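This report refers to the structure that appears directly beneath it.
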Amino acid sequence: MPTITKMPNASQHIEGIINLRGKVLPIISMRRRFNLMENENDNQTRIVIMDVCGCQTGFIVDGVSEVIRILNSEIQPPPSLMLSGGIGQEFITGVFNRAERLLIIMDVDRLFSNDEHEGLLEISK
C-alpha cells in the first residue's frame, strides 16, 4: 500500500489521494462506501485502479485473487431477490459463473452521485 495523503473536508469514504506515475488519484475505501466494518490493512490489501466516469480512481479492497476478462454475453442478470434490498444492490448489474464460483458484477460508475463524480474530477485535476 502506498502512502495515502488525507484530504480535508472529504467525504467519509474518500481515504485520500496518491501520486501514481505523476498523476494524482483519489482513493476510495470500499468498506466505508458500503458502510462495512473497518479492517486493518494487511499484506492482502490492494488498491485497484479503475476508470469512473472518465476519472482514474483507486479503490481499497481487502484482496485481489486474479484479474480476468469477461464477455458481456457471459454475464447473467442478477436474481431479483439480490436486488430487493441490502447494501449496494443498486450497483449490481449481473452475475458471472466461473469454475464453481459466482462473481458479482458491479457498475462502478453507479457508486457515486453526480456531485461525487464532480468532486472526484476536481481531486484528480
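Couple of notes before you dig in:
- Options R46, R21: the member that is at positive phi and of a type in the set (D, E, K, R): R21
- Residues of region 40-66 classified as under 16 Å from F112 (Cβ atoms), surrounded by 13 or more Cβ atoms within 10 Å (Cβ to Cβ) and out of contact with any strand residue (DSSP E or B) (no Cβ under 7 Å at 6 or more places or on another chain), total: 3
- The sole residue among M30, M37 that is surrounded by 15 or more Cβ atoms within 10 Å (Cβ to Cβ), modelled with pLDDT under 90 and not aromatic (F, W, Y) is M30.
- Of all the residues in region 34-73, those that are touching a residue at least 60 places away in the same chain (Cβ under 8 Å) and outside any strand (DSSP E or B) number 2.
- Every condition in (1) under 18 Å from the mean Cα position of the chain (by Cα); (2) assigned to a strand (DSSP E or B); (3) not small (G, A, S) is met by N97 except one, and the failing one is (1).
The values are calculated or read from the model by the stated rules, or taken from the named source; none is laboratory data. Just so it is clear, the structure is predicted and the values come from calculations on it, not from any experiment. Neighbour counts run over all protein chains shown; Cβ positions are idealised from the backbone, glycine included.
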